[in-house]
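Visitor: One structure follows; several queries about it will come next.
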Amino acid sequence: MAARNHDQWMATPPLQKGEWIDSRVYTDYQIFEEENEKIFKNAWVPVCHESELSKPYDFRTTSIAREPIIVCRGPDNQVRAFLNVCPHRGMMIERRPSGSFFEGQPSGNPKRMTCMFHGWQFDMKGSCVYVSREKEGYQDRLCKDDVGLRRLRCEVKFGGFVWVNLNDKAPDLESWAGKPFECLRKSLEAEPLEVFHYHKAIVDTNYKLWHDTNCEFYHDFMHYHNRVTGFNDAYFARKNEAFDNGHIVVGTFEVNYDKYEGFESRASLSFPHLPPNQWYMIDLFPGINFNLRGSALRCDVVTPLGPNKTMIEFRGLGLKSDSKEDRMTRINHHNSIWGPFGRNLHEDLIGVQGQGNTMMPGTEPRRVLHGRQENQTIHDENGMRHYYDEWGKWLNRLPSSPDKPYAAASAVTAAE
Amino acid sequence: MSTCETVRDAIYQATALLDDQKWNDWLSMCDESFQYSITSWSPEINYNMTYLAASKKDMHHLVDLLPKHNTDHSPLHRHTSVYSVTPSDDGKTAKAVSSVLIFQNMLDGTNSHIDAGESRLFLIGRYIDTLQVEDGKATFLSRELKLDNRRLDKGSHWPL
């Protein structure tokens, strides 16, 4: 067919239900707010890695769904998470991205989290241990026990990542993501890992478009590196496996890194229990990606900032026991394609930015196709279909028609 | 011309060649043992990071393969100020520290209809160079671009 007129452009594509979605899922402000409330405030998010707070009293700050969070390591070596909010007048307690409470601060004592505003102090378990002029102001009406910090669900798991969930009643992390991690559990938990790379990008696009790109490999055609190091029968046989809760795992194959001029095999530095040059990917709902290419692990975490604005944090990890030489080799392997100056990541960012341009609030709703069917192998788009089916359940919206409830559509389907 | 002046001239000449995307001409100013790196200190992970480390041969591979990669087409413009040049005792080499601001003159932009023609601050950092000075000519032995940025959006496939 030649170029289409408006009616033809807007017509339902000749695909099955679930094989396309409506672009309003990427552009609608109300949907973005609902995603924060219904998804991000109830999902497990790996906010940092334990190596980022390696010593007692070390801390990291972060946020989920606009809620500021502080993660700290106590003198008992336990990692705990709290809302980074003073219970007095709502001041953010710690403003730096990281540091240590071991030393005192201008408003407070060593080994305490101190709100600089009025000097209230908290220990590493979140208990309030000092209220300035407490008796004079509150007499016996309010005491320190009444004003502890808000503790958050926090687990260190799956290779030492620090996971936080804002919902006290959410299922435990193992039930949430244990099954997809089975393929890499032995490799990630054989010995401690360490983060060697961090950077962030803020892109004018919807967070799901980044996750979609991590879930589909058909965009190999954008990456010269993938085409020369990957395309063979074993590559096209890689499976996209769907798991409960909207997660997927992309199965492995042996990458020919040395087919790209100047690059080298990664076989000598494979992660523990991982055969040479293998490549696994785990995509967790709603926007988290773990990507192990032989010698280096990458983790992406999205923070939606608006329907058309997303922060993506990128981490690279090796083994804590690495020699200096091995660590540098892992870093080079990581950077070659995933670094900010590497071959692939930059292209991925251009891709989702281009989508963000065509799908921003106020643009005409249109179909986005997820209809490739290749027996759930690498260029099948079943990963995105599985994701949006889960998304529909969480928001009770039909991805192909987001003003209609998911539940009603499911009931109709069941009746059919 | 003094060693310091020779080194300064070389750094400014390299800046102009990089701005003009004359990658091979820039590399011709580098010794065969040349080592290039882009680094940044991350307070987030408490780690001195290396974002790119490459030999002269690696850099040749990188620039030769650029046409096969998709990239943002917005040109980069470097503003370099040489802060210090410290010759070695024997006068054969010198270390130089320069401030560098890299601007992106939008061509693609986010939406070229709107952004093209606008310039934005892209990166800030320092060049830490080591040069060999021989017969009045300076040759780069190493360059470390130490970035302050840890936010790095699209637009960074090229040597900086």
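Visitor: From the residues in segment B:25-36 that are among the polar types (S, T, N, Q) and assigned to a strand (DSSP E or B), which one is farthest from A:Pro97 (Cα to Cα)?
Guide: Across segment B:25-36, the extreme among qualifying residues is B:Ser33.
Visitor: So A:Glu264 fits all but one of (1) touching a Ser or Thr at 6+ places or on another chain (Cβ under 7 Å); (2) part of a loop (DSSP other than H, G, I, E, B); what number is the exception?
Guide: Answer for A:Glu264: the failing condition is (1).
Visitor: Give me a count of the residues in segment A:245-259 that are touching a helix residue (DSSP H, G or I) at 6+ places or on another chain (Cβ under 7 Å) and within 25 Å of A:Asp212 (Cβ to Cβ). First the steps, then the outcome.
Guide: Our first condition is that a residue be touching a helix residue (DSSP H, G or I) at 6+ places or on another chain (Cβ under 7 Å); within segment A:245-259, this holds for A:245-249, A:253-257, A:259.
Now drop any that are not within 25 Å of A:Asp212 (Cβ to Cβ), which leaves A:245-249, A:253, A:255.
Within segment A:245-259, residues that are touching a helix residue (DSSP H, G or I) at 6+ places or on another chain (Cβ under 7 Å) and within 25 Å of A:Asp212 (Cβ to Cβ) number 7.
Visitor: I'm told A:Tyr260 meets every condition in (1) out of contact with any Lys or Arg (no Cβ under 7 Å at 6 or more places or on another chain); (2) exposed (fewer than 15 other Cβ atoms within 10 Å of the Cβ); (3) within 14 Å of chain B (Cβ to nearest Cβ) except one. Can you identify the failing condition by its number?
Guide: (2)
Visitor: Is at least one residue of segment A:223-240 within 14 Å of chain B (Cβ to nearest Cβ), surrounded by fewer than 21 Cβ atoms within 10 Å (Cβ to Cβ), in contact (Cβ under 8 Å) with a residue 60 or more places away in the chain and in a helix (DSSP H, G or I)?
Guide: yes
Visitor: Another question, if that's okay. Name every residue in segment B:106-160 that is farther than 17 Å from B:Ser33 by Cα, loosely packed, with under 14 Cβ neighbours inside 10 Å, under 21 Å from the mean Cα position of the chain (by Cα) and in contact (Cβ under 8 Å) with a residue 60 or more places away in the chain, in order of residue number.
Guide: Passing the criteria: only B:Asp148.
Visitor: Based on what the data block shows, is A:Asp146 assigned to a helix (DSSP H, G or I) and without any contact (Cβ under 8 Å) to a residue 60 or more places away in the chain?
Guide: It is true that A:Asp146 is assigned to a helix (DSSP H, G or I) and without any contact (Cβ under 8 Å) to a residue 60 or more places away in the chain.
Visitor: Right, here's the next one. Just checking: which of the helices (runs of 4 or more DSSP H) contained wholly in segment A:1-86 hold 1 or more residues that are touching a strand residue (DSSP E or B) at 6+ places or on another chain (Cβ under 9 Å) and crowded, with 16+ Cβ neighbours inside 10 Å?
Guide: Output list reads A:24-27, A:29-34.
Visitor: I'm trying to understand the selection: among the residues of segment A:200-222, which are crowded, with 18+ Cβ neighbours inside 10 Å and among the hydrophobic types (A, V, I, L, M, F, W, C)?
Guide: Scanning segment A:200-222 gives A:Ala201, A:Val203, A:Leu209, A:Trp210, A:Cys215, A:Phe217.
Visitor: Among all residue pairs at least 6 apart or on different chains, which show Cβ distances below 7 Å where the first residue, located in segment B:77-94, is at pLDDT below 95 and surrounded by fewer than 12 Cβ atoms within 10 Å (Cβ to Cβ) and the second is of a type in the set (S, T, N, Q) and not in a strand (DSSP E or B)?
Guide: As it stands, the answer is B:Gly91/B:Thr3, since those pairs meet every condition given.
Visitor: Still on this structure, please answer the following. Checking the conditions here, which among A:Met311, A:Met328 is surrounded by fewer than 19 Cβ atoms within 10 Å (Cβ to Cβ), touching a strand residue (DSSP E or B) at 6+ places or on another chain (Cβ under 6 Å) and either within 11 Å of chain B (Cβ to nearest Cβ) or free of Cβ contacts under 8 Å to residues at least 24 places away in the same chain (or both)?
Guide: A:Met311
Visitor: Still on this structure, please answer the following. Which of the following residues is outside the structural domain of A:Asp326 (by TED's automatic domain parsing), within 30 Å of B:Ala53 (Cβ to Cβ) and touching a strand residue (DSSP E or B) at 6+ places or on another chain (Cβ under 7 Å): A:Gly148, A:Gly126, A:Gly160?
Guide: Matching residue, one of A:Gly148, A:Gly126, A:Gly160: A:Gly160.
Visitor: Of the conditions (1) surrounded by 17 or more Cβ atoms within 10 Å (Cβ to Cβ); (2) modelled with pLDDT under 95, A:Ala414 satisfies every one except a single condition; which number is it?
Guide: Here A:Ala414 clears every test but (1).
Visitor: Is it the case that some residue within segment A:198-215 is assigned to a helix (DSSP H, G or I) and within 11 Å of another protein chain (Cβ to nearest Cβ)?
Guide: No, every residue in segment A:198-215 fails to be assigned to a helix (DSSP H, G or I) and within 11 Å of another protein chain (Cβ to nearest Cβ).
Visitor: For residues in segment A:87-133 being within 14 Å of chain B (Cβ to nearest Cβ) and of a type in the set (Ser, Thr, Tyr), which is surrounded by the fewest Cβ atoms within 10 Å (Cβ to Cβ)? Break it down stepwise before answering.
Guide: Let us first name the residues in segment A:87-133 that are within 14 Å of chain B (Cβ to nearest Cβ), namely A:94-100, A:102.
Filter again for of a type in the set (Ser, Thr, Tyr), leaving A:98, A:100.
Working: A:Ser98: 19, A:Ser100: 17.
Among them, the one singled out is A:Ser100.
Visitor: Kindly indicate whether any position in segment A:115-128 is of a type outside the set (Gly, Ala, Ser) and on the phi > 0 side of the Ramachandran plot.
Guide: The answer is no, given that none of the residues of segment A:115-128 is of a type outside the set (Gly, Ala, Ser) and on the phi > 0 side of the Ramachandran plot.
Visitor: Continuing with this model, one more query. Would you be able to say whether some residue in segment A:249-257 is crowded, with 23+ Cβ neighbours inside 10 Å, farther than 23 Å from A:Gln376 by Cα, modelled with pLDDT of 95 or more and within 14 Å of chain B (Cβ to nearest Cβ)?
Guide: no
Visitor: Of the residues A:Glu52, A:Glu37, A:Glu103, which is without any contact (Cβ under 8 Å) to a residue 12 or more places away in the chain and charged (D, E, K, R)?
Guide: Criteria check complete, one pass: A:Glu103.
Visitor: Please go through segment A:219-235 and pick out each residue that is over 15 Å from A:Ile337 (Cβ atoms) and either within 26 Å of the chain's Cα centre (by Cα) or not assigned by TED's automatic domain parsing to the domain that holds A:Val352 (or both). Don't jump to the end; show me each part of the working.
Guide: To start, the set of residues in segment A:219-235 that are over 15 Å from A:Ile337 (Cβ atoms) comprises A:221, A:231-235.
Answer for segment A:219-235, where residues must be over 15 Å from A:Ile337 (Cβ atoms) and either within 26 Å of the chain's Cα centre (by Cα) or not assigned by TED's automatic domain parsing to the domain that holds A:Val352 (or both): A:Phe221, A:Tyr235.
Visitor: Turning to a different aspect of this structure: Taking the residues in segment A:368-395 that are in a loop (DSSP other than H, G, I, E, B) and more than 22 Å from the chain's Cα centre (by Cα) as candidates, determine which candidate is surrounded by the fewest Cβ atoms within 10 Å (Cβ to Cβ). Please lay out each step first, then the result.
Guide: First pass over segment A:368-395, keeping only residues in a loop (DSSP other than H, G, I, E, B): A:370-376, A:378-381.
Retained after the next criterion (residues that are more than 22 Å from the chain's Cα centre (by Cα)): A:371-376, A:379-380.
On the way: A:Gly371: 16, A:Arg372: 16, A:Gln373: 14, A:Glu374: 14, A:Asn375: 9, A:Gln376: 17, A:His379: 17, A:Asp380: 21.
Per the stated criteria, the residue is A:Asn375.
Visitor: Within the bounds of segment A:356-367, is there any residue that is part of a loop (DSSP other than H, G, I, E, B), crowded, with 23+ Cβ neighbours inside 10 Å, touching a helix residue (DSSP H, G or I) at 6+ places or on another chain (Cβ under 9 Å) and within 12 Å of another protein chain (Cβ to nearest Cβ)?
Guide: No, that holds for no residue.
Visitor: Let me ask something additional. Can you confirm whether segment A:333-349 contains a residue that is free of Cβ contacts under 8 Å to residues at least 60 places away in the same chain, in contact with an Asp or Glu (Cβ under 8 Å, 6 or more places away or on another chain), within 28 Å of B:Leu52 (Cα to Cα) and outside any strand (DSSP E or B)?
Guide: yes
The values are calculated or read from the model by the stated rules, or taken from the named source; none is laboratory data. Everything quoted here is computed from the prediction, not taken from an experiment. We place every Cβ from the backbone using ideal geometry, glycine too, and count neighbours over all the protein chains shown.
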